[in-house]
Structure formats: C-alpha cells, structure tokens
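Below: one structure, written as structure tokens.
The values are calculated or read from the model by the stated rules, or taken from the named source; none is laboratory data. This structure is a prediction, so every number in the text was calculated from the model and none was measured. Cβ placement follows ideal geometry from the backbone for every residue including glycine, while neighbour counts extend to all protein chains displayed. Quick note on the areas: whole protein, heavy atoms, side chains included, nothing else; ligands and nucleic acids left out. Shrake-Rupley method; radii C 1.70, N 1.55, O 1.52, S 1.80 Å.
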Amino acid sequence: RDLFPVHVCNRLSELHDTAWIHDWKHTHDALVDAFGKDYEARGLIVARSGGSGGGSRMDCGSGNGKNGGVLGSGSAAQVHRGTLTIPADISGGSINDTSSSPRTRTRNVAIKVLHPNTRQLVARDLDLMRHVAHFVDRCIPLKIVKMLSLPRAVSNFADTVERQVDLRIEGRNLTSFRRNFGCIGYYCEGDEFTTSS
C-alpha cells in the first residue's frame, strides 16, 4: 500500500484470496491422461462435490466446505483432497493412514492438477517475452539496454516459470524433503502417481 493506491492493492489481493475452480471433467480427464482410465481401480480416489464445480470462485480462506474436494486453487493449478490405497509393503509408516487392512494402506493425499491450457498459455507468454527481449536488445542501441541483457533475463525467468508448471519437479522436491526431514504429514507415492500435469 506504500507503492500502489489502495483500490489497486484491494483488487490484487483478490487474486490471492479467491481463484477460479476448473470443472471436475478437466480434473478427471487430466488424471486419465496421466494415469490411465483405471486410476481409481489402482487406488487413487479423488473427493469431489456433486456439481461440476467449474467456473465458480473459491474462497480459499473460508473453510466452508462449499468446494467439495477442492482444497485450494491458484493461478496455475488446483489441489483436490483424495485417498491413495497402496500395498502395505511399500507404504512405510502410518502418515494419514485410514485403512484397517493389513495388506493395504489407505492414505489421505493432495492431488494437484494444472488448470486447462496452463502449459500452452505459459509457453505462448514466454515466446512473446523472448521476441520482445530480442527485439529491444537488437533495435535499441543504448548501453543501458545492452547491460540489462534482456534475452538472458527472460531466459532465466522462463527456466523458473517452466519448472513451476512441471509438477514432476514438485513431486521430486516433496520426496526429497520427506527423505531429508522425515515425517511431514503427507505421502508421496513417487513416479507412479507423479506426472507433469
């Protein structure tokens, strides 16, 4: 509020507090694309509300349960509540264990799915930024422009943003975090249930 008018800050705060929820159909289609039509038979169950859930806003701070199985939604993805049933011999400890069968363990999990077209929109925006950076770098013969090295700055920014929309990297980081720091209250299945989308 020191740099921008209050009305601008209030409007921008809505981006943080509320987000669009994509349709359940998109979530289901993304899970089928990633894990196959039998993802539920393989033990991954996603909690969902009775309606489609699409096109509505989510009040992430309300905790009112109106959003069904959606735990949160952001600019690139949304997170669903779910369970994963796995053989007991690979499940390890008892983090969020909800099963009573000695042969399987059912764990509460968070399932993160990119919003529709996120990867394509990011690629388009980064291409535009690269073209503008190269154009400015070539066409404006000022030393200050050359010192900024806009193409390299855009390249560094693109590397960071592209990693944000590859959920495999987040999965590997969570696995590494759990290995390094022990129990943190979630279960990460590893490569079988971790994909880029």
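Protein chains only, probe 1.4 Å: how do C139, C9 rank by accessible area, largest first?
C139, C9
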Item to check | Distant-in-sequence amide H partners of R48 (H built 1.01 Å from N, under 5 Å) | outcome: G69
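Sort 148-161, 19-32, 112-125 by packing, meaning the average of other beta carbons within 10 Å per residue, with the highest value first. Walk me through the numbers before you get to the answer.
On the way: 148-161: 13.9, 19-32: 18.2, 112-125: 15.9.
For the peptides 148-161, 19-32, 112-125, the packing ranking is 19-32, 112-125, 148-161.
Quick one: order D33, D38 from most to least accessible surface, probe 1.4 Å. Could the numbers behind the result be given before it?
Details: D33 130, D38 75 Å².
Putting D33, D38 in descending order of accessible area: D33, D38.
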Checklist entry - Ordered by residue, what ³J(HN,Hα) values in Hz, to whole numbers, does region 139-146 give under the Karplus form 6.51 cos²θ - 1.76 cosθ + 1.60, where θ = phi - 60° and Gly and Pro are x? => result 9, 10, x, 9, 4, 4, 5, 5
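Using 0.36 nm per residue, how much length does the chain from R179 to S149 gain when fully extended, once their Cα-Cα distance is taken away?
The R179-S149 span can extend by a further 6.9 nm.
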Checklist outcome for this item: Share of accessible surface on carbon and sulfur in region 106-151, whole %, 1.4 Å probe and ligands ignored, is 67 percent
Next on the checklist: I need the peptides 166-173, 70-77 ranked by packing, meaning the mean over residues of other C-beta atoms within 10 angstrom, with the highest value on top.
Outcome noted: 70-77, 166-173
Item to check | Whole-Hz couplings from phi, Karplus 6.51/-1.76/1.60, listed for region 152-157; x for Gly and Pro | outcome: 5, 4, 5, 4, 5, 4
